[in-house]
Amino acid sequence: MESKGNMKAFSRFWLLAFATALSLSAAEAAQPKWSFVVMGDTRDLTTDTLTGISPDLALLAQAIAAEKPDLVLHTGDLINGYYTSKSSPMTGKYREMLENWKAAIRPVYDFDTKKGIPLYVIRGNHEDGKFMTESALKKAYEEKIGAFMPQNGPENEKGLTYSVTHKGARFVALDAYSTKILKVIRGYVNESWAESHLASGNAAFTFVFSHPPAFRVGTSGKSPFPDLYSHTTSRDVLWKSMKKAGALAFFCGHIHLYCRGTVKGIEQVVVGNGGANTVSYDPKETDPLIAMHYPTSNVAATQIKTGYLLMTVDESTGTTSGVQKLWNPETRAWETGDNFILATTPNRSES
């Protein structure tokens, strides 16, 4: 009798263990890891451009597609736009530039068939204008790109400012060129929309992206044009709204390099090394409010490699890991650069 009792207890134990394992497996299956890619500043590095796009863009697109991410973010400056010389055959041909961009990015997403990896784009200054907004340039962007973006933003910024949710994450795109003082002074986003939108919803992961950095980095302090980091009062209002919403990171470009640092628990990640002419990184040009994580010393412009950022979200642990991918033109192979981990509140890493 004792033997039968032991056998029953033994059987119950293994049945319970098996059921627990199945339950854990089901929970893990319901919250798998998934990834997204951040890229930006894919315009050509010369004003004598023949295409309006970086010659490395097709290479980037193929590598990104091979990662098989759930979605891709582009932080702006897709094309040269107004940045061409009189000798360039692309001068003023904004639609043609954007068509070239769409052709090069086709391994990621096919705009003609509307198939592929979901691609979410924000406008850069090269899709706006050198000083004032160029109506022909903006119209070309809205027709060729903006029309394919979510249309849930402010009335006058449809396809420019918007948000999208994916699994347990929310991505908020903020256009930086719709609001200008005297139609010239740029560097503002739609704060009222951003504040109300960020305050709504309960996504476990919130990511915000725009074209210019919110805090000065690299050589951006030498630019004669104002940007988001130039208007500190309005910038701080936005950052506070992001903080309240539990935003993990702010992705941007504009400065043609890669760097990363934390301000009040939110990571600013500049991914501006998509093929445009690179600039040097100098810690002295970086806003002292940022606790810089990468790089931590001077980097010459010639050392900046073309690349993108692969982010992996683990909803079961509340963490997001980032790995920078860089193209080495000498070895003609991809290599890794920066890598980091961010955690949702209250267990933020590197905060």
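Take the Cα of residue 199, go 7 Å toward its beta carbon, and the backbone nitrogen atoms of segment 235-273 under 17 Å from that spot belong to 236-247. Non-local lysine pairs in segment 209-313, meaning eight or more places apart or on different chains, with alpha-carbon distances under 21 Å, amount to 5. Using the Cα coordinates of segment 103-249, the gyration tensor eigenvalues translate into equivalent-ellipsoid semi-axes of 23, 22, 14 Å, sorted from longest to shortest. How high is the FRET efficiency between residue 312 and residue 86 when r is their beta carbon distance and R₀ equals 51 Å, given to the nearest 0.05? The computed FRET efficiency comes out at 0.65.
Ordered from longest to shortest, the equivalent ellipsoid semi-axes for segment 242-351 are 25, 17, 11 Å, each the square root of 5 times a Cα gyration tensor eigenvalue. With equal scatterers on the alpha carbons only and no solvent term, can you work out the Debye log10 of I(q)/I(0) for segment 131-203 at 0.12, 0.17, 0.24, 0.26 1/Å? For segment 131-203 at q = 0.12, 0.17, 0.24, 0.26 Å⁻¹, log10 I(q)/I(0) is -0.36, -0.68, -1.15, -1.26.
Between residue 331 and residue 181, what's the calculated FRET efficiency when r is the beta-carbon distance and R0 is 51 Å? Round to 0.05.
Details: r = 48 Å, r/R0 = 0.94.
The formula returns an efficiency of 0.60 here.
One chain, two ends: residue 240 and residue 152. Fully extended at 0.36 nm per residue, the span grows by 29.4 nm beyond their Cα-Cα distance. Calculated mean residue ellipticity at 222 nm for the chain: -7500 deg cm²/dmol, from DSSP H runs with n ≥ 4 weighted as -39500 (n - 2.57), summed, divided by the residue count and rounded to 500.
For residue 136 and residue 277 in one chain, what is 0.36 nm times their gap in residues minus the Cα-Cα distance, to one decimal in nm? Before the final figure, lay out each step's value.
Values: separation 141, 0.36 × 141 = 50.76 nm, distance 2.48 nm.
Residue separation times 0.36 nm, minus the Cα-Cα distance, leaves 48.3 nm.
Modelled spin-label separation between residue 165 and residue 192, with each label point placed 7 Å from Cα along the Cα-to-Cβ direction: 2.5 nm. Measuring max minus min along each principal axis, the C-alpha atoms of segment 282-331 give extents of 39, 37, 11 Å (largest first).
Coordinate-derived values only; no laboratory data. None of these values were measured; they are calculated from a predicted model. Ideal geometry is used to build each Cβ from the backbone, glycine not excepted, and the neighbour counts take in all protein chains shown.
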